[in-house]
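Worksheet: the structure to be examined is printed underneath.
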Number of protein chains: 2
Amino acid sequence: MRIEAAQGGEPISVLDLPGMILEPPSRGPVARDVARRAGVSTATVSRVLNGSAGVRADKREAVMRAAQDLGFVANGAARALSTRRFMAVGAVVPNIENEAFVRVLSSFQERLRQAGYTLVAANAGYDLDDELREATFLLERGVDGLMLVGDIHHPDLHARIASTGIPMVQTFSLSQQRPCVGFDNAASAARAANYLMDLGHRRIGVISGLRKDNDRGGARVIGIAQALAARGLSLAPEHDIEISYGIGGGRDGFRQMLAGGPPPTAIICGTDQIAFGAMIEARARGLAIPGDLSVVGHNDSDFAPFLDPPLTTIRIHSAEIGHAAGDHLIARIQGKPVVRLTEIDAELILRASTAPPR
Amino acid sequence: MRIEAAQGGEPISVLDLPGMILEPPSRGPVARDVARRAGVSTATVSRVLNGSAGVRADKREAVMRAAQDLGFVANGAARALSTRRFMAVGAVVPNIENEAFVRVLSSFQERLRQAGYTLVAANAGYDLDDELREATFLLERGVDGLMLVGDIHHPDLHARIASTGIPMVQTFSLSQQRPCVGFDNAASAARAANYLMDLGHRRIGVISGLRKDNDRGGARVIGIAQALAARGLSLAPEHDIEISYGIGGGRDGFRQMLAGGPPPTAIICGTDQIAFGAMIEARARGLAIPGDLSVVGHNDSDFAPFLDPPLTTIRIHSAEIGHAAGDHLIARIQGKPVVRLTEIDAELILRASTAPPR
DNA sequence: TGGCTATCTGAAAGCGCTTTCAAAAAACGC
DNA sequence: GCGTTTTTTGAAAGCGCTTTCAGATAGCCA
C-alpha cells in the first residue's frame with residue numbers, strides 16, 4: 001500500500017484541498033440569493049424550482065437563469081423539514097453482499113428513483129439487534145418508508161416503525177399480518193423435494209445457511225421435511241445440515257453430511273453457492289452428478305447454468321420482488337390504495353444436476 | 001404472481017393500513033413533546049439526546065424516560081438543517097450489482113456507519129450523463145461527501161461538486177489531480193502480462209468489458225499492450241476483444257477471438273466472470289487449460305479458487321479500498337488532514353489456470 | 001376608460017432541531 | 001448568612017425551504 005502526499009512532502013492538510021470546509025459547512029448559494037439575483041421573492045423561486053404553475057414566463061426564466069448562474073443546489077434538509085417528506089426510503093437487508101438481496105435492492109431502487117426517491121440501504125448481518133439499530137438509524141434519518149426482509153425481527157422493531165407512522169413492507173417471505181411481497185419459502189422448497197421424490201429419490205438431504213433468526217431458511221427446511229413426511233419419508237438428522245453461506249460452506253456441509261452415515265441420493269441447498277461447494281466436494285469424493293447425487297440450489301445465480309453439470313435450482317424472482325416492493329411503498333407514501341400481499345412465486349428451473357437415482 | 005387483498009375482497013385502501021398517513025405526514029412526537037413530558041425545555045432535551053455535558057443527572061434521566069415513553073425519534077431533517085451536516089455520504093458506482101463495487105460499498109459503509117454517517121448509493125450504469133444525474137441527485141439530498149469510481153466523468157460533474165463545497169474521493173483508479181484511493185490498473189494488468197511472458201507465452205489475448213467511459217478497463221488493456229511492446233511483442237487486434245460483462249460475455253468473447261485467426265496461448269480477462277465464460281468456451285472447443293490456454297481473471301471472486309482449474313487472477317483489495325475511501329472522506333468532512341493519494345496495490349494470485357505454453 | 005375578475009407575487013409563518021446568551025440555581029468561601 | 005463563582009437551564013433566534021393569504025397586477029368586458 002502506498003500513501004502519497006501531494007508534492008512529495010508530508011500529508012497535505014485538508015485546508016489545502018479545494019472544496020474543503022471546516023466549521024459550519026457553508027454550503028453554496030441559497031434560495032434567497034437566487035431570489036435577489038432574479039429580482040423576485042423566495043416564494044417565487046420555490047414555485048419555479050418546483051414547477052408549480054402560476055408564475056409568469058419572464059419571471060420563471062429569470063429565476064431559472066439565476067439558479068443556473070449561481071449553480072444553486074437546493075438544501076434537501078430544509079425542503080424535507082418544510083414538506084415533511086424526505087423523499088428517501090430505507091431498506092435493511094440481512095447481507096448487502098448477498099446476490100439475491102443486491103438484486104432486490106437494485107430493482108427496488110430503480111422504482112424509487114423513477115418516483116424521485118432515494119434509497120438508503122443498510123446491513124443487518126443476520127442479527128436482530130443490529131437490524132433494529134440500523135432500522136432506527138434510518139428512521140431517524142427520516143426515511144418515508146421502509147423495506148425489511150423476512151418475518152422475524154426484534155420485538156421492538158414494529159412498535160418503533162409504527163411510532164413514526166411510516167409505511168413498511170416485508171419482502172422475501174409472506175406474512176399474515178403485514179404488507180408483504182414475497183413467496184412461500186416452504187412451498188417452493190417442498191416443490192423441489194417433490195420433484196426429487198418423483199424422480200425416485202428416497203434419501204434426500206438439506207444443506208442450508210444459518211437458520212437462526214432467518215425465517216426463509218427455516219421455512220425451506222420445514223417445507224422439505226413436510227413434503228417428505230407427506231410421502232412417508234423423513235429428513236434424517238444427519239442429512240439436515242446447517243452451515244454458513246458460501247462455496248466453502250457448501251463443501252464443509254456436504255463433508256459433514258457424508259460423515260453422518262449413508263449418503264443421500266439427492267440434496268437441496270440453500271443457495272447456489274452452497275450447491276456449487278457441495279458439487280465440488282462430491283466430485284472430490286468420486287461421486288458423479290447427477291448419477292450418484294442429484295443437487296438442487298436456490299436463487300438461480302448467474303453461474304448456475306454454467307456449472308458442470310448445469311444446476312437445477314429454485315429461481316427467486318428478485319427483480320420482480322424489488323419492483324413490487326418499491327411500487328407498493330411508493331403507493332403507500334402517496335396515499336394510494338394498495339394490496340397487502342403480493343406473491344411472486346419462486347420457480348423450479350430444471351437443469352442437468354438432477355436425475356433419477358441409480 | 002398472486003396479488004391478494006386483505007380479506008379476500010378488493011384491494012384494501014391505504015387508509016385501512018396501520019401506519020398510513022395521507023397529507024402532511026404527521027410524524028410522531030417531537031422534541032417539544034418530550035420537553036413537556038419531562039418538564040424541561042427543548043434545549044435541554046437536545047442537550048441530553050446529543051450527550052452534551054452539563055445537564056443534571058435527574059433532568060437527564062427524566063428526559064431519557066420521556067423520550068423512551070413517547071418513542072421519540074428525532075427529525076433528521078431538522079437536525080441537518082440546524083447543524084448543516086446531513087450525516088450522509090453519497091457514492092455513485094457504475095454498477096451496483098457488480099461484485100467488486102458491492103464489496104467496496106459494503107466496506108465503505110462500514111466505516112461511515114462507525115462514524116455515524118449513512119451511505120446513500122446510486123447507480124450510474126456506465127453512463128456519464130446518468131452518473132451526473134445521480135450525483136446531482138445526491139448533492140441535492142445534501143450528502144456531506146461523495147465517492148466516485150474512476151477518473152472519467154461528465155465535464156460538468158466536478159464543477160457541480162465544487163459549487164456545493166463538499167469533499168469527494170475517487171476510487172479504483174489513481175488521479176493526478178484529485179483525492180483518490182485505488183491502484184494503477186495499467187501496471188497491475190501489465191504485471192499479469194509479464195508473468196505470462198515469463199512463462200513463455202508470446203501470443204496473449206485480452207477480453208475486457210466495455211471500455212467506453214471506463215478508464216479502468218481501458219487502462220488495463222493499455223498496460224498489457226505496453227508490457228507486450230516492451231518485449232517486442234504486440235497485442236493483435238483480433239486478440240483484443242471488448243464484450244459486455246458476465247459469463248455469457250466471456251464465452252462470446254473467446255468465440256470471437258478464435259474466429260479472428262490463430263488462437264492465443266494465454267488470455268487476460270477483465271473479470272473472473274469473463275474468465276469463467278472463456279474457460280467454458282475453451283473447454284467446449286477441446287482446449288485444455290492451462291495446457292492449450294492459460295487464463296487470468298480480475299477481482300478474485302469467491303468462485304475463482306473453485307473453478308476447474310482454479311483461476312489465476314488479479315485480486316483487487318476492494319475491502320481495503322472501501323475502508324480507505326471511507327476514512328478519507330470522514331477525515332475531510334471533519335476537517336482533519338488527509339493524504340491525497342492512497343494506493344492499494346492489486347495482487348496477482350497464482351493458481352492453476354496458468355502454465356507455460358506447450 | 002372604469003370596474004370587476006382572474007392571475008401573480010411577496011411577506012410571513014412555520015417545519016423541528018441546535019445553539020447562543022443571559023438569567024436562575026447551586027456551590028463555595030469566609 | 002451573604003456575596004461570588006460555577007453550573008444548569010430556558011427563551012429565542014436561526015437553519016433554508018414551502019406554502020398560505022392577502023395585496024398587487026394584469027386581463028377582460030362593457
Among the candidates A:37, A:79, residue that is of a type outside the set (Ser, Thr, Tyr) and near DNA strand C (Cβ under 9 Å from one of its atoms): A:79
Qualifying positions in the range A:134-155 - more than 16 Å from residue A:212 (Cβ to Cβ) and in contact (Cβ under 8 Å) with a residue 40 or more places away in the chain: A:134, A:135, A:138, A:139, A:141, A:142, A:143, A:144, A:145, A:146, A:147, A:148
Answer from B:104, B:92, B:73, B:120 - the residue that is β-branched (Val, Ile, Thr) and within 12 Å of DNA strand C (Cβ to nearest atom): B:73
Residues of the range B:34-46 that turn out to be crowded, with 17+ Cβ neighbours inside 10 Å and either more than 7 Å from DNA strand D (Cβ to nearest atom) or not assigned by TED's automatic domain parsing to the domain that holds residue B:65 (or both), as a count: 6
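Being open to solvent by 10 Å² or more (accessible area, probe 1.4 Å) and assigned by TED's automatic domain parsing to the domain that holds residue B:106 narrows it down to one residue among B:330, B:280; which is it? Steps first, please.
Details: B:280 fails: assigned by TED's automatic domain parsing to the domain that holds residue B:106.
Every option except B:330 fails the conditions.
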Residues satisfying the stated conditions in the range A:103-119, i.e. touching a helix residue (DSSP H, G or I) at 6+ places or on another chain (Cβ under 6 Å) and among the aliphatic types (A, V, I, L, M): A:104, A:112, A:115, A:119
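Filter the range A:190-218 down to residues that are of a type in the set (Lys, Arg) and closer than 24 Å to residue A:259 by Cβ and give me whichever is surrounded by the fewest Cβ atoms within 10 Å (Cβ to Cβ).
Just the residues of the range A:190-218 that are of a type in the set (Lys, Arg), to begin with: A:191, A:202-203, A:211-212, A:216.
Going one step further and asking which of them are closer than 24 Å to residue A:259 by Cβ, we end up with A:202-203, A:211-212.
Details: A:202: 14, A:203: 18, A:211: 17, A:212: 12.
The residue in question is A:212.
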Test: residue in the range A:92-103 that is within 9 Å of chain B (Cβ to nearest Cβ), at pLDDT 90 or above, closer than 23 Å to residue B:144 by Cα and open to solvent by less than 50 Å² (accessible area, probe 1.4 Å): no
Residues of the range A:313-333 satisfying the condition of being polar (S, T, N, Q) and in contact (Cβ under 8 Å) with a residue 60 or more places away in the chain: A:318
Sole exception among (1) open to solvent by 40 Å² or more (accessible area, probe 1.4 Å); (2) under 20 Å from residue A:97 (Cβ atoms); (3) aliphatic (A, V, I, L, M) for residue B:147, by number: (1)
Residues located in the range A:251-294, provided they are under 15 Å from residue A:204 (Cα atoms) and polar (S, T, N, Q): A:256, A:265, A:294
Qualifying residue in the range A:254-272 (condition: assigned by TED's automatic domain parsing to the domain that holds residue A:100 and of a type in the set (Phe, Trp, Tyr)): no
Unique residue being open to solvent by 10 Å² or more (accessible area, probe 1.4 Å) and farther than 30 Å from residue A:85 by Cβ when the list is A:254, A:306: A:306
Residues of the range A:154-172 satisfying the condition of being more than 10 Å from chain B (Cβ to nearest Cβ) and either part of a loop (DSSP other than H, G, I, E, B) or surrounded by fewer than 22 Cβ atoms within 10 Å (Cβ to Cβ) (or both): A:154, A:155, A:157
Hits in the range B:111-133 - residues which are assigned to a loop (DSSP other than H, G, I, E, B), without any contact (Cβ under 8 Å) to a residue 40 or more places away in the chain and surrounded by 17 or more Cβ atoms within 10 Å (Cβ to Cβ): B:124
Count - residues of the range A:59-69 that are within 13 Å of DNA strand C (Cβ to nearest atom) and small (Gly, Ala, Ser): 2
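Every residue, every condition in (1) within 14 Å of another protein chain (Cβ to nearest Cβ); (2) within 11 Å of DNA strand D (Cβ to nearest atom); (3) open to solvent by less than 60 Å² (accessible area, probe 1.4 Å), yes or no:
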{"residue": "A:50", "(1), (2), (3)": "yes, yes, no"}
{"residue": "A:60", "(1), (2), (3)": "no, no, no"}
{"residue": "A:68", "(1), (2), (3)": "yes, no, no"}
{"residue": "A:71", "(1), (2), (3)": "yes, no, yes"}
{"residue": "A:75", "(1), (2), (3)": "yes, yes, no"}
{"residue": "A:81", "(1), (2), (3)": "yes, yes, no"}
{"residue": "A:88", "(1), (2), (3)": "yes, no, yes"}
Single condition residue A:56 does not satisfy, out of (1) open to solvent by 60 Å² or more (accessible area, probe 1.4 Å); (2) more than 9 Å from DNA strand C (Cβ to nearest atom): (2)
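The values are calculated or read from the model by the stated rules, or taken from the named source; none is laboratory data. Worth saying up front: this structure is predicted, and the values here are computed from it rather than measured. Glycine gets a Cβ as well: all are built from the backbone with ideal geometry, and neighbour counts include every protein chain shown. Just the protein is used for accessible areas: all its heavy atoms, side chains included, with ligands, DNA and RNA removed. Shrake-Rupley method; radii C 1.70, N 1.55, O 1.52, S 1.80 Å.
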